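Undergrad: What follows is a structure written as structure tokens; I'll ask about it next.
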Amino acid sequence: MVVMADRPARQRWSTADVEARHALAYWVDTICKSFLEIDIDSPERDHFHAQLDETELGPAMLYIVEADTQTVRRTPARIAHSRYADYFLLQLRAGQLNLQQYGRESVIQTGDSVLIDCSAPYRLECLPMTRSVAVRFPREWLRNWIPSPESLAGRPLRSGAGWSSALAAALTTLDTEHGQELALPPGVVAEQIAALLALAGGPEVQASSVSEKLFRRIRRTIRDRCHEPGLNPGAVAEVHGISKRYLHYLCAHASTTFGYELMRMRLESAQRLLSDRRYDALSVSEVAARCGFLEPSHFARRFRKAFGQGPTEFRTARLRISG
């Protein structure tokens, strides 16, 4: 579990804050530290304008990016020294993007979306001035919805086609100048976006082997039943018609354990409830019980270890920010 540090609900960086002659260098430095390690160049070096807004979206991060003409490259050298191996779901709100990744060349028009794999090289031309919505998904988290996200990377998702239309509409609502309150907790919104992305990707985006497909189903079963206090490997193995030994093998092959997955999903569920004002009438003990924890004290210790603060502190901080 990654400990979440306290941070403002929204952060902004703008080249308007520096002298024009330093604007592009400031933008490159800002992007590499706050967004992703990439190389950036622009023909408008002497009067370059750009702005980056960052907001937490549960397990994901939301970015609104505006910039003059620029060429962005994610090179093998940058990847080798990178902190990030996530995926970006990007929707273009103004301008045009020309993307090259995994041998695919795509022209992204206004309203279209595309998934970019940060662990693989790419080249992105942004013409002329562009505005984009970008959602950063943790790599393994996104695999809960899409078994092989890399098979979708670089493929344009047209705003007027099938489920891509629903995805485009959802992303459009996130492109707001003022951080309006969401109707649902940010983590739930991130899950809805991921689910729409999976639908937009279609049946072609599948796990690459039978065992991987089975492990994805096992993860879904754990997620669906993590509220059951007595859930154990035997019960989940029985659902899928396999032995406990084979279930543990599949977990190990995926570099995880049954216990880790169960605890992670219970804590994520608790975080969602504590983030949702509709559940404010529930005590912390009741939230713990709803998420499969028998002992509130055990829940509190686990929650603090995962998120850097206890459940009561977490809820109080949320109420202070929203109130």
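The values are calculated or read from the model by the stated rules, or taken from the named source; none is laboratory data. All figures in this text were calculated on a predicted structure; none of them were measured in a lab. Glycine also receives a Cβ, built like all others from the backbone with ideal geometry; neighbour counts cover every protein chain displayed.
Undergrad: Restricting attention to region 267-293, which residues are closer than 19 Å to Arg223 by Cα and modelled with pLDDT under 95?
TA: Of everything in region 267-293, those that are closer than 19 Å to Arg223 by Cα and modelled with pLDDT under 95 turn out to be Leu267, Glu268, Ser269, Ala270, Gln271, Arg272, Leu273, Leu274, Ser275, Asp276.
Undergrad: Can you name every residue in region 203-228 that is free of Cβ contacts under 8 Å to residues at least 40 places away in the same chain and not in a helix (DSSP H, G or I)? Before the answer, list the steps.
TA: Keep residues of region 203-228 that are free of Cβ contacts under 8 Å to residues at least 40 places away in the same chain, which gives 203, 209-210, 214-215, 217-218, 221, 224-225.
Across region 203-228, the qualifying residues are Pro203, Ser209.
Undergrad: Still on this structure: Taking region 284-323, which residues are more than 24 Å from the chain's Cα centre (by Cα), within 13 Å of Leu267 (Cβ to Cβ), surrounded by 15 or more Cβ atoms within 10 Å (Cβ to Cβ) and not aliphatic (A, V, I, L, M)?
TA: Residues satisfying the conditions are Arg290, Gly292, Phe293, Phe299.
Undergrad: Considering every residue within region 154-173, establish whether at least one is modelled with pLDDT under 90, more than 17 Å from Ala190 (Cβ to Cβ) and under 15 Å from the mean Cα position of the chain (by Cα).
TA: Looking through region 154-173, none of the residues is modelled with pLDDT under 90, more than 17 Å from Ala190 (Cβ to Cβ) and under 15 Å from the mean Cα position of the chain (by Cα).
Undergrad: Could you figure out which of (1) on the phi < 0 side of the Ramachandran plot; (2) out of contact with any His (no Cβ under 9 Å at 6 or more places or on another chain) isn't true of Glu66?
TA: Going through (1) on the phi < 0 side of the Ramachandran plot; (2) out of contact with any His (no Cβ under 9 Å at 6 or more places or on another chain) one by one, Glu66 breaks only (2).
Undergrad: Return only the number of the condition from (1) under 29 Å from Gly187 (Cα atoms); (2) surrounded by 20 or more Cβ atoms within 10 Å (Cβ to Cβ) that Cys126 does not satisfy.
TA: Checking Cys126 against (1) under 29 Å from Gly187 (Cα atoms); (2) surrounded by 20 or more Cβ atoms within 10 Å (Cβ to Cβ), the one that fails is (1).
Undergrad: Quick one: which residue in Arg220, Arg131 is closer than 24 Å to Val114 by Cβ and among the basic types (Lys, Arg)?
TA: Residue meeting the stated conditions: Arg131.
Undergrad: Considering only residues that are closer than 24 Å to Ala235 by Cα and either among the acidic types (Asp, Glu) or without any contact (Cβ under 8 Å) to a residue 12 or more places away in the chain (or both), which ones fall in region 259-287?
TA: Quick first cut of region 259-287, residues closer than 24 Å to Ala235 by Cα only: 259-270, 287.
Of everything in region 259-287, those that are closer than 24 Å to Ala235 by Cα and either among the acidic types (Asp, Glu) or without any contact (Cβ under 8 Å) to a residue 12 or more places away in the chain (or both) turn out to be Gly259, Tyr260, Glu261, Glu268.
Undergrad: For region 47-89, enumerate the residues that are under 25 Å from Ala194 (Cα atoms) and in contact with a Phe, Trp or Tyr (Cβ under 7 Å, 6 or more places away or on another chain).
TA: Leu52, Asp53, Glu54, Pro59, Ala60, Tyr63, Arg74, Asp86, Tyr87, Leu89, listed by residue number.
Undergrad: In addition: Would you mind finding the one in Ser34, Ser113, Ser42 that is among the small types (Gly, Ala, Ser) and in contact (Cβ under 8 Å) with a residue 40 or more places away in the chain? Walk me through how you get there before you give the answer.
TA: Details: Ser34 fails: in contact (Cβ under 8 Å) with a residue 40 or more places away in the chain; Ser42 fails: in contact (Cβ under 8 Å) with a residue 40 or more places away in the chain.
That would be Ser113, the only listed residue that is among the small types (Gly, Ala, Ser) and in contact (Cβ under 8 Å) with a residue 40 or more places away in the chain.
Undergrad: Pick from Leu182, Leu231: which is at pLDDT below 90, among the hydrophobic types (A, V, I, L, M, F, W, C), over 16 Å from Ile146 (Cα atoms) and assigned to a loop (DSSP other than H, G, I, E, B)?
TA: Values: Leu231 fails: at pLDDT below 90.
Matching residue, one of Leu182, Leu231: Leu182.
Undergrad: Find all pairs meeting these conditions: Cβ atoms under 6 angstrom apart; at least six residues apart or on different chains; first residue within region 241-258 and under 15 Å from Ile222 (Cα atoms) and assigned by TED's automatic domain parsing to the domain that holds Arg219; second residue modelled with pLDDT of 90 or more and part of a loop (DSSP other than H, G, I, E, B).
TA: From region 241-258, the pairs are Cys251/Thr257.
Undergrad: OK, next. Please determine whether any residue of region 80-91 is within 22 Å of the chain's Cα centre (by Cα), among the acidic types (Asp, Glu) and modelled with pLDDT under 95.
TA: Quick first cut of region 80-91, residues within 22 Å of the chain's Cα centre (by Cα) only: 80-91.
Subsequent filtering for residues that are among the acidic types (Asp, Glu) retains 86.
Within this subset, residues satisfying the condition of being modelled with pLDDT under 95 are 86.
Yes, the conditions are met somewhere in region 80-91.
Undergrad: Now a separate question. So which of Ala67, Ala80 is out of contact with any Asp or Glu (no Cβ under 9 Å at 6 or more places or on another chain), over 30 Å from Ser269 (Cβ atoms) and surrounded by 19 or more Cβ atoms within 10 Å (Cβ to Cβ)?
TA: Working: Ala80 fails: surrounded by 19 or more Cβ atoms within 10 Å (Cβ to Cβ).
Every option except Ala67 fails the conditions.
Undergrad: Checking the structure you have, find out if any residue of region 292-304 is under 30 Å from Ala237 (Cα atoms), out of contact with any Cys (no Cβ under 8 Å at 6 or more places or on another chain) and hydroxyl-bearing (Ser, Thr, Tyr).
TA: yes
Undergrad: Moving on. Scan Ser209, Ser148 and give me the residue that is of a type outside the set (A, V, I, L, M, F, W, C) and surrounded by 15 or more Cβ atoms within 10 Å (Cβ to Cβ).
TA: Working: Ser209 fails: surrounded by 15 or more Cβ atoms within 10 Å (Cβ to Cβ).
Going through Ser209, Ser148 in turn, the sole match is Ser148.
Undergrad: Only residues that are farther than 28 Å from Glu286 by Cβ, assigned to a helix (DSSP H, G or I) and not aliphatic (A, V, I, L, M): list them for region 235-261, please.
TA: Glu238, Lys244, Arg245, Tyr246, His248, Tyr249, Cys251, His253, listed by residue number.
Undergrad: Please go through region 132-179 and give me each residue that is in contact with a helix residue (DSSP H, G or I) (Cβ under 6 Å, 6 or more places away or on another chain), small (Gly, Ala, Ser) and assigned to a loop (DSSP other than H, G, I, E, B), ordered by number.
TA: Answer for region 132-179, where residues must be in contact with a helix residue (DSSP H, G or I) (Cβ under 6 Å, 6 or more places away or on another chain), small (Gly, Ala, Ser) and assigned to a loop (DSSP other than H, G, I, E, B): just Ser159.
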